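Right, one structure below, let's go through it.
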Amino acid sequence: MEKRHKSKKKRMIISISLSVLLVGGGATGWILYQNGKIPFLSQQSIKASAIKVNQQKVDKLESSDQQAKDFIAEHHDVLNDLTGWGAIEHPDWPAVQEEAAAIKNTIGTIEVKDSVLKKDFKHMEKLAGQLEQTKDKALLKELHRYFHDLDVVINEDDGSNTYFDVTSYGKSVVKTSK
């Protein structure tokens, strides 16, 4: 009987110890992830407040490319709805593919004078075309980040204080202080 009691006590101590380790390890991992201390898991973003935009170049764009600005803002909003608040983990694929088709069918009709922005638009058109045909979360995330960064730079959207530094146009007008 005493042996049984010691065995039960031993199992309880081991169970409590494992629980403490799991909870502590999970909490530590979550804190490190949230603070970007685990590079392969972090969002790989820069605080939008840490970027400095060459406003002269953006102002030049604004005077001639209002249609592009509106297109970026509109589709960034839709992509936010389709990817935000954890939706990226379980996308509504019919809605995603409908949005991808809308982007692909519209983006080529927008006159963009800036050659670097035009390059980004071509890449976004390609991503949208691929996403229209496949259910690929990585493509969805990349397409969203293109719209996100362009909206932050061109439309001065606050981007939830996040900037991913993925666009050629962004690289041409933004200086970051990582």
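Every read-out reported here was derived from the displayed coordinates using simple, explicitly stated rules and does not represent laboratory data. Quick caveat, the model's predicted, so the values are computed rather than measured. Positions of Cβ are backbone-derived with ideal geometry, glycine not excepted, and every protein chain shown enters the neighbour counts.
General observations
- Note that region 65-76 has calculated 3J(HN,Hα) couplings of 10, 4, 4, 5, 4, 5, 4, 4, 4, 4, 6, 5 Hz, one per residue in order, obtained from phi through the Karplus relation 6.51 cos²θ - 1.76 cosθ + 1.60 (θ = phi - 60°); glycine and proline are x.
- Between the amide H of residue 174 and those of 54, distances stay under 5 Å, these residues lying 5 or more places away or on another chain, with hydrogens modeled in the peptide plane.
- Spin-label proximity, residue 93 to region 105-139 - amide N less than 18 Å from point 7 Å beyond Cα toward beta carbon: 128-139
- Ordered by the number of other Cβ atoms lying within 10 Å of each residue's own Cβ, fewest first, 123, 90, 144 fall into the sequence 90, 123, 144.
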